[in-house]
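Structure, as structure tokens:
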Amino acid sequence: MTSDDFDRLQSLMASRAGFRLSRDRVHLAEHRLGPVARREGFDSVDVMLASLWEKPVASLGWAVIESLLNSETWFRRDRATFDILTNELLPALSKARPGGHVRLWSAGCASGQEPYSLAMAALDAGASVDIVATDLSQKALDKARSGTYTGFEIQRGLGARTMLRWFEAVDESWVARPELQAAVRFGRANLLDEPTDEARFDVILCRHVLSDVEPGRRGQIIDGLERRLVDDGCLFLGPDESLDGDTLAFRPVNGRKGLFVKSPASLRRAA
């Protein structure tokens, strides 16, 4: 891959998806683009990129972008987050909401481990929830909808009892039981896009996403999250992620790493 190709890839990722492609990922980019080139019928990555630059095709451009997204995830990642949700937020929100119904959004759900973890926690607690999970990668969403995971993936974050409670072994894979799959609605979404409906959520999880976002696009994404969160709702980022200098819309919750609520300034603006 030439330096010019990588510069164009950086521009493509930033403009279409808002994500930063750093120079130290050039070899990873070449590795991930190889299967895309073969699938699309090109002899090499260089030939595929030359074709894309000469005659941009939306479907090929998105295939390239999706292959370069960071899709690493696992069940109950950052366990403290799920402890706060299960033991504190879900009970409190259930009492405060009409009919005890709580709406959650997993923004950047990758292959589904996060929203299924939310569903397991809610179902075990007997909470009434609506879980929406979105991602930019169609390939990741297809896997998430199938609810099918390898032995390595299923054991990454889940104990034996939970595995057997919510998944069943099928050949060499583990498949989410129907009641677990039914608890989550998956859909493709770009966090740069304007909301297409008026739906708002009590809890939004956008974890380990902003750290990969192009700095110039962070404000746009954070503003979209703020607009989709109810005024007394909660936003979860990764425990090591912050919003310092990015926005006045949220403030951190003391003693709860990665947890944010709307700031007084944001609430006054909304009023």
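Quick note: the coordinates plus some simple rules give every number you see, no bench work behind them. Keep in mind it's a predicted model, so treat the numbers as computed, not measured. Neighbour counts are summed over all protein chains in view; Cβ atoms, including those assigned to glycine, are modelled from backbone coordinates with ideal geometry.
Please list, or write none, the aspartates and glutamates whose alpha carbon is within less than 19 Å of the alpha carbon of K95, excluding same-chain residues fewer than 8 places away.
D83, D124, D130, D202, D231, D232
Along the Cα-to-Cβ line of S51, 7 Å from the Cα, sits a label point; which residues in the stretch 1-37 have backbone N less than 12 Å from it?
36-37
Relative to the first principal axis of the alpha-carbon coordinates of the chain, what is the inclination of helix 3-16, with its axis defined by its Cα atoms, in degrees from 0 to 90 and to the nearest 10?
That works out to roughly 30 degrees.
Under 5 Å between amide hydrogens, which residues at least 5 positions from L229 or on another chain qualify, with H placed 1.01 Å from N in the peptide plane?
Under 5 Å from the amide H of L229: F201.
Can you tell me how the stretch 106-252 classifies by the Cα gyration tensor, rounded, prolate or oblate, using a/c under 1.5 as the rounded cut? Working shown, then result.
Details: a/c = 1.99, a/b = 1.80, b/c = 1.10.
Verdict is prolate for the stretch 106-252.
Dipole magnitude of the stretch 3-68 about its Cα centre, charges +1 at Lys/Arg Cβ and -1 at Asp/Glu Cβ only, in debye to the nearest 20? Kindly include the intermediate steps, with their values, before the conclusion.
On the way: 9 positive and 10 negative charges, 55 e Å.
About 260 debye.
Give me the number: length gained by fully extending R161 to D43, i.e. 0.36 nm times residue separation minus the C-alpha to C-alpha distance, one decimal in nm.
Working: separation 118, 0.36 × 118 = 42.48 nm, distance 4.74 nm.
Difference between extended and current length: 37.7 nm.
When the chain is fully extended, how far beyond the present Cα-Cα distance does L28 get from A58, taking 0.36 nm per residue of separation?
Numbers: separation 30, 0.36 × 30 = 10.80 nm, distance 2.24 nm.
Residue separation times 0.36 nm, minus the Cα-Cα distance, leaves 8.6 nm.
On C-alpha positions alone, give me the angle between the axis of helix 26-39 and the longest principal axis of the chain, in degrees, nearest 10.
80
Using 0.36 nm per residue, how much length does the chain from A199 to E88 gain when fully extended, once their Cα-Cα distance is taken away? Walk me through the numbers before you get to the answer.
On the way: separation 111, 0.36 × 111 = 39.96 nm, distance 2.36 nm.
Going from the current span to full extension adds 37.6 nm.
Return one number: the angle in degrees, 0 to 90 and rounded to the nearest 10, between the long axis of the Cα atoms of helix 113-125 and the longest principal axis of the Cα atoms of the chain.
Result, in degrees: 10.
Would you mind telling me which residue in G61, G219, G41 has the biggest mean-square fluctuation in a Gaussian network model of the chain, where springs connect alpha carbons within a distance under 10 angstrom?
Highest fluctuation of the listed residues: G41.
Over the stretch 3-68, how many percent of alpha carbon pairs lie in each 5 Å bin up to the one with the longest distance?
3, 18, 34, 30, 13, 2
Any idea what the relative contact order of the stretch 3-68 is, in percent, if you count C-alpha pairs under 8 Å spaced at least 6 apart?
32
Rounded if a/c is under 1.5, else prolate if a/b beats b/c, else oblate: with a ≥ b ≥ c from the C-alpha gyration tensor eigenvalues square-rooted, which is the stretch 1-132?
Prolate, because a/c is 1.5 or more and a/b exceeds b/c.
Using the Karplus curve 6.51 cos²θ - 1.76 cosθ + 1.60 with θ = phi - 60°, what ³J(HN,Hα) values do you get for each residue of the stretch 210-226, in whole Hz, with x for Gly and Pro?
Working through the residues one at a time gives 4, 5, 9, 8, 4, x, x, 9, 4, x, 4, 5, 5, 4, x, 5, 4 Hz.
Can you tell me the relative contact order of the chain? Whole percent, Cα pairs under 8 Å, sequence separation 6 or more. Mind dumping the intermediate values first?
Working: 391 pairs, mean separation 43.4, N = 271.
After rounding, I find 16 percent.
Describe numerically, in nm with one decimal, the distance between label points set 7 Å from Cα along Cα→Cβ at T2 and at N254.
5.8
Rounded to the nearest 5, what % of the DSSP beta bridges within the chain are antiparallel ones? The partial results should precede the final answer.
Working: 13 of 32 bridges.
Looking only at bridges with both residues in the chain, the antiparallel portion is about 40 percent.
How much FRET efficiency would the formula 1/(1 + (r/R0)^6) give for D232 and A80, where r is the Cβ-Cβ distance and R0 is 30 Å, rounded to 0.05?
Details: r = 22 Å, r/R0 = 0.72.
Efficiency at R0 = 30 Å is approximately 0.85.
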